[in-house]
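One structure is given here, and the rest of the page talks about it.
Bear in mind that the values in this text are calculations on the coordinates, not laboratory data. For clarity, every value in this text was computed on a predicted model and none was experimentally measured. Cβ sites come from the backbone with ideal geometry, for glycine too, and all protein chains shown count toward neighbours.
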Amino acid sequence: MKRSGFIMLYRNIIDWEWYSDVNTSKVFFHCLLKVNYSAKRWQGILVQKGEFVTSYERLAVETGLTISKVRTALSKLQSTNDISIKTTTSYTKIGILNLKNFVAEHSSEQIDARVSIPNSKHLANGSQLNNNQLATTNTNNIKSKKRIFKERVFSHSNYNSKILQSFFNYWSELDNSKLEMRFEADRFFEVDKRLKKWASNERKSPYKASEENKLLTNR
């Protein structure tokens, strides 16, 4: 997902019924940032404006909430017709209903016309400060996401700790932007299913089989 552009919220959102519900509003604002702002197709799936494809587990990692809290928040939002949820065996598609009631849409030209350019020196200093703050925030966010992902992986204690560690090391590798882990690039990612396949591949590794044969030969 590209992290560019921005959204503009109406001030009256503070009067929205779920605004003071921390978990529900957090999940909803996260959805506002994730949805498509134009219709697109993804792997044969039509994703309309105001919709995005995800999973409960992915939302839990991205928001720092538990899966049960994400489910509860989404249920509340669905009960008040703020969102729609379509779940299949392969994916969950979430849509923001009445998107225009929450997000103001403006063209870049309209926004540029409203912004006054301050003193260039002041702008440079402000930009440097904002960049430093942004870098610190991004670092804290990725540390938090890594911690949550690691806890989720190691909660599957039925697997050997070496398998869990190698699985975590691989899927938590950061991309070039240092903002996303490898597993976040996959639309669908269920830790238990991936771990099962990972463990199976570990057992079938030709390198390991070769090493075991050597040990048996040397005995």
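Residues Leu195, Leu59, Leu97, ranked from the fewest to the most other C-beta atoms within 10 Å, line up as Leu97, Leu195, Leu59.
Run the numbers for Tyr56 and Leu99: contour at 0.36 nm per residue of separation, minus the present Cα-Cα distance, in nm. Let's see the in-between values first.
Details: separation 43, 0.36 × 43 = 15.48 nm, distance 2.12 nm.
That works out to 13.4 nm of additional length.
For segment 8-104, the alpha carbon convex hull comes to 95 Å³ per residue, rounded to a whole number.
Distance distribution P(r), segment 1-60, all Cα-Cα pairs, bin width 5 angstrom from 0: 4, 14, 23, 24, 19, 12, 4, 1 percent. With the simple spin-label model, which puts each label point 7 Å out from Cα in the Cβ direction, the Gln78 to Asn36 separation comes to 2.1 nm. Inter-label distance, Arg182 to Tyr91: 2.3 nm, where each label sits 7 Å from its Cα along the C-beta direction. Inter-label distance, Glu151 to Thr66: 1.0 nm, where each label sits 7 Å from its Cα along the C-beta direction.
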